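See below for the structure under consideration.
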2 protein chains.
Amino acid sequence: MLIQYIIGPAGSGKTTLIKSLVEYLQEYNQEISVVTINLDPGCRTLPYTPDIDIQDYVTVDAVMEKTGLGPNGAMIAATDLMVNYVEDLKYEINQYNDPEIILVDTPGQMELFSFRNSGPMIANALGFGSVKRGIIFTYDSTMCIHPNGFISTLLLAASVQFRFANLSQINLLTKKDLIHKEKLENILKWVDDEYELASATENLEHGMLRELTLSLGRTFREFGAISELLPISAKYGEGIEDVWGAIQRVVNDDTSPYY
Amino acid sequence: MLIQYIIGPAGSGKTTLIKSLVEYLQEYNQEISVVTINLDPGCRTLPYTPDIDIQDYVTVDAVMEKTGLGPNGAMIAATDLMVNYVEDLKYEINQYNDPEIILVDTPGQMELFSFRNSGPMIANALGFGSVKRGIIFTYDSTMCIHPNGFISTLLLAASVQFRFANLSQINLLTKKDLIHKEKLENILKWVDDEYELASATENLEHGMLRELTLSLGRTFREFGAISELLPISAKYGEGIEDVWGAIQRVVNDDTSPYY
C-alpha cells in the first residue's frame, strides 16, 4: 500500500490531479485498486467523490458555527482537529482490503497542513505497518513563468520536503495547458541549468539575488530535487502516464534521486 | 516613508509583533509617526486598532455571503479582491501626512499574500514616489526547535524573499518565551554554523538530506539570509528594540546583507 499526499499552493491543481489520476487508472489500469481521501475540511465541492472524507468528521463551516471563529481561525482550528480522527481514517482505510494506492487531497491552503504540526502528525499516524508513503508536490506553471516565481515555488517544495523528511517526493509542473510552449521550455531549461536560470534573473535589480539563484540552482540540481519536474495538464489528461510511472517507482522503492 | 510588510506562517506572531512595535514606539520614540494597516480580510479580532483596515472594503465573511463560496475559496477570492482597493489605501495613507513608518499586517495564511499575485501587486502599487519598502519575516520558534522545522521555515523565508525580490528582509525568531533557553541557543548556533545544523539532522533517516542541509546552510549563510535572525518575544516586549534598530537600518539604506 502506498499513501500519496498531494501537496501544493492553493489553486495549483491538487484536486484536478486526483480526478485525472483516478480516471487514468480506471481506463488503463483497472487491476489497480485506488482509494481517494479528502483531507481538506474547508472545500465545498470536489470534482470527484472521495472514498473517505474528513468532512464526515470535521468541517470549517461547523467549527465557525460552533466556536464563533472567523474563517481564518476556523480553518486553522479545523485542520488541527483532524488529528483527532486519525483512528477513524485508519478504520475506514481498513475496510478497503489493502488497496494499492491511496491518493490524499490535502487542505487548499498548504501551510495549514505543511507548516503546522497536524499534517506531519497525520502523515506519520497513517503510516502504519508496511505502508509506504510519498508526496506529490504541485508546481503551478502560471506561477513559474517568471524565474523568481519558479525559485520561490522550488524553495516551497524543498521546505515541504524537510517537513516530511522521510517521505519521497514527486514534483509536477501542473497546468501546462495554460502557458505558452516557449515558457514551458524555459522552465524546463532552468531545471537543467542553473546558469540559464540565473541569466533569466539578470533583470532583477540586485546582483546578490542572481548569485544566490546560481548557488541554489546548483544545490538543488546536485541533490536531484528538481531534476524530475514532470510537466502535466491534469485538465486534458496530458502527462498523467508519467505521473503514474513516477508513483510506480516509489512503490518499487526506486525513489527520487532526492534520497 | 518606509512600508514594512509583516509576513510569516499562520500563528507565527505577526499581529502581536505589530502591537508590540507600536507600544514600543509610543513609549520610547514618541517623535516617530507610525501608521498601521491591516491587510487580512479574514481576521475577526485584532489586539490593536489598525489606522487603515482593508476590512472597510472587503471581508471574507462578505465574500462568503455574496458568492456562496466556502471559507477556503472565499479567502482566496477576498485576498485577490484587495488589489481593487489599492487606490483607496493610497488615499488613506496620504491623509497621514507622510508618516515615517507604516506597519502592514498581512493575511494569516501567508500563501494567500505571498504565493498568489495579489500580494506582490499590492506591495508594488503601494511603493509610490520615494517610499521605501521592506519585509519582516517571522520564524515561529516553536516550529524551529527541530532542525527540519528550522530549515523548512528558512526555505519558506527565502521563498518569500524571491517573491518580493526587490524588498529587503528582516528575519525574526518570534515567541522565544515559549521555548527553553537551551533550544533557543541551539537554533542560533544553527544560524552561524551549517555543521551544527547538519549534525542536528543526523538523526534523520536519509544521508542525502543531511548533505542538502549542509549545502543549504552554507548557501544561506554566505548570502546573509539568516545571519541576522533576531530572537524576540513580542508578548513580553523582549528584543523589540533590536527590531526597531533593524528597521532603522532599512530606513537608512543600510539594508540586510541579503543584498
Scaled radius of gyration (Cα, divided by 2.2 N^0.38 Å) that chain A gives: 1.02
Taking chain A and dividing mean pair separation by its residue count, relative contact order in percent (alpha carbons under 8 Å, at least six apart): 23 percent
Residue-averaged beta-carbon neighbours from other chains (10 angstrom radius) around A:97-104: 0
Residue range of chain A that is longest and free of GluC sites (Glu not before Pro) which are both DSSP loop and sparsely packed (at most 13 other C-beta within 10 Å): A:32-204
Förster-model FRET efficiency, 30 Å R0, A:GLU222 and A:ASN117, C-beta, rounded to 0.05: 0.45
Within chain A, percent of DSSP bridges classed antiparallel, to nearest 5: 5 percent
HN-Hα J in Hz across the stretch A:128-144 - Karplus 6.51, -1.76, 1.60, θ = phi - 60°, x for Gly and Pro: 8, x, 9, 5, 8, 9, x, 10, 10, 9, 9, 7, 7, 4, 5, 7, 9
Relative contact order computed over the stretch B:101-203 (Cα-Cα under 8 Å; 6+ residues apart), in percent: 27 percent
DSSP-assigned coil residues among chymotrypsin sites (Phe, Trp or Tyr not before Pro) in the stretch B:107-164, each with at most 16 further Cβ atoms within 10 Å: B:PHE128
Label 7 Å beyond Cα on the Cβ vector: A:ASN84 copy-to-copy distances, nm: 3.7
Teacher prompt: A:LEU178 distances to equivalent labels in other copies, 7 Å Cα→Cβ, nm: 3.3
Anisotropy class of the stretch B:1-53 from Cα gyration tensor, a/c 1.5 cut: prolate
Whole-Å distance, taken between Cα centres, linking the stretch B:123-190 and the stretch B:1-44: 15 Å
Chain A - mean residue ellipticity at 222 nm from DSSP helices (-39,500 (n - 2.57) per run, n ≥ 4, rounded to 500): -14000 deg cm²/dmol
For the stretch A:12-83, radius of gyration divided by Kirkwood radius, i.e. Rg to Rh on alpha-carbons: 1.09
Point-charge dipole on Cβ atoms (K/R +1, D/E -1) for the protein assembly as shown, about Cα centre, debye to 20: 40 debye
Inter-chain Cβ neighbour average for residues A:147-157, partner chain, 10 Å: 6
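Quantify how strongly other chains surround peptide A:72-80 by giving the mean number of their Cβ atoms within 10 Å of each of its Cβ atoms.
4
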Whether the stretch A:136-251 is rounded, prolate or oblate, judged on the alpha carbon gyration tensor where a/c under 1.5 counts as rounded: oblate
Added length on full extension, which subtracts the Cα-Cα distance from 0.36 nm per residue, A:ASN84 to A:TYR236: 51.0 nm
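Antiparallel versus total DSSP beta bridges in the protein assembly as shown: what percent is that, nearest 5?
5 percent
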Other copies of B:GLU196: label-to-label distances in nm, shortest first, labels 7 Å along the beta-carbon direction: 4.0
Check: the stretch B:2-251 dipole with +1 on Lys, Arg Cβ and -1 on Asp, Glu Cβ, in debye: 380 debye
For the protein assembly as shown, Kirkwood radius (reciprocal of mean inverse C-alpha pair distance, Å): 23.4 Å
Kirkwood estimate for the stretch A:182-249, i.e. one over the average of 1/r between Cα atoms, Å: 13.4 Å
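Taken together, the values in this text are just the output of simple stated rules run on the coordinates, not laboratory data. All values reported here derive from a predicted model rather than from experimental measurement. Glycine also receives a Cβ, built like all others from the backbone with ideal geometry; neighbour counts cover every protein chain displayed.
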